[in-house]
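Report on one structure; see the data block that follows.
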Amino acid sequence: MTAVEERGISQAVIGRLPRYYRYLGDLKSEGVERISSQELSRIMNVTASQIRQDFNNFGGFGQQGYGYNTSYLYEEIGKILGLNKQHDMILIGAGNLGQALVNYMNLKNRGFSFKGAFDVNPSLFDKRIGNVPIYPMDRMPSYISENHIDIAVLTVPKAAAIEITGVLAKTPIKAIWNFAHVDLKVPDRIQVESVHLQDSLMKLSYNIRRHEEGK
Ligand code: ATP
C-alpha cells in the first residue's frame, strides 16, 4: 500500500501502531510464530474487533481464524512506522533532559541515532554526551544539511524553542521531536511530535485526585 492510499487513516489508528509493534516484538522474541486477533486482544486488553479494524486499514495483514504471522506483522507495522530506515537526529539544548535523552536513545533505539548536540552555553562546547559532541548554535543549520539530519530534538526553554523552530524551518529538517512546553507552528513539510511531560504528570495528578475523592 502506498503513502497516498494511506492518507485517509486516522491519527488514532496511527497512535495505536507503536503499541502493536511493541507487543509483537515481545511475542516474536518469545518465539510465538502465529497469533489470533482474540489472543492479541486478550494480552493487549483491546477488543479483537478493534484490532481487525485497525489492521484492515492496511489491507488486513493475513487471514482471521488462522491467525497472524507474528514476524510478518511485526515487520509490516515496522515498515508503516518507517522503522526500517535509519533516522539521524540532533539534540538542541544539552541540559539535564537533553543529556538523558541522548544517553537513553543511543543505547536503546538502533534506528534512531543522535549525531550531534547544540547549545548556547559555551561551557558545554568542549564536552560530549556519551560520544555525541556539543556544538555552538550557529553551526546547527549547516550541520543539518551536511549530515542529512532528519529529526531535531528540542529540549530548550519555551521561548528558545519558538525561535529555534524559525531557524529549523529554513533547513531541510524533516521533523521536530519537541519536549518544550509550547505548541510549535511549522511549515507543512515538517512533522512535529510534542512530548509534554508536565501535561502527562498533570493528568496523573488529576487521576490521583479523582480516585481519592471517589473513596
Ligand atoms: P534541563 O531543563 O534540560 O534539565 P537546564 O536546567 O539547563 O536543563 P533549561 O533552562 O531548560 O534547563 O535549558 C536546557 C538547555 O537549553 C540548557 O543547556 C541551555 O543552555 C539550553 N538553551 C537555552 N536557550 C537556548 C537557545 N536559545 N539555544 C540553544 N540552547 C539553549
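Evaluation of M137 against the conditions (1) surrounded by 15 or more Cβ atoms within 10 Å (Cβ to Cβ); (2) within 30 Å of Q38 (Cα to Cα) shows that the sole unmet condition is (2).
Residues checked against (1) crowded, with 16+ Cβ neighbours inside 10 Å; (2) modelled with pLDDT of 95 or more; (3) within 18 Å of N96 (Cβ to Cβ); (4) assigned by TED's automatic domain parsing to the domain that holds M105:
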| position | (1), (2), (3), (4) |
| --- | --- |
| I129 | yes, yes, yes, yes |
| S142 | no, yes, no, yes |
| V156 | yes, yes, yes, yes |
| E163 | no, yes, no, yes |
| A169 | no, yes, no, yes |
| I173 | yes, yes, no, yes |
| I190 | yes, yes, no, yes |
| I208 | no, yes, no, no |
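Tell me, yes or no, whether the range 164-174 has at least one residue that is touching a residue at least 60 places away in the same chain (Cβ under 8 Å), outside any strand (DSSP E or B) and within 11 Å of the ligand (Cβ to nearest atom). Yes, the conditions are met somewhere in the range 164-174.
Can you tell me which residue among L101, L73 is in a helix (DSSP H, G or I), surrounded by 11 or more Cβ atoms within 10 Å (Cβ to Cβ) and assigned by TED's automatic domain parsing to the domain that holds V13?
L73
Can we say N84 is part of a loop (DSSP other than H, G, I, E, B) and either polar (S, T, N, Q) or within 22 Å of T165 (Cα to Cα) (or both)? In short, yes.
Here N147 meets the list (1) of a type outside the set (D, E, K, R); (2) surrounded by 13 or more Cβ atoms within 10 Å (Cβ to Cβ); (3) within 21 Å of the chain's Cα centre (by Cα) almost entirely, failing just condition (2). Test S123 against the criterion of being in the same structural domain as I92 (by TED's automatic domain parsing), part of a helix (DSSP H, G or I) and touching a Pro at 6+ places or on another chain (Cβ under 9 Å), and give yes or no. Here the answer is no, as S123 does not meet what is asked. Among the candidates G116, G93, the residue that is surrounded by 18 or more Cβ atoms within 10 Å (Cβ to Cβ) and within 11 Å of the ligand (Cβ to nearest atom) is uniquely G93.
The values are calculated or read from the model by the stated rules, or taken from the named source; none is laboratory data. Predicted, not measured: the structure shown is a model, and the values here were computed from it. Cβ coordinates were reconstructed from backbone atoms using ideal geometry, including for glycine residues, and neighbour counts include every protein chain displayed.
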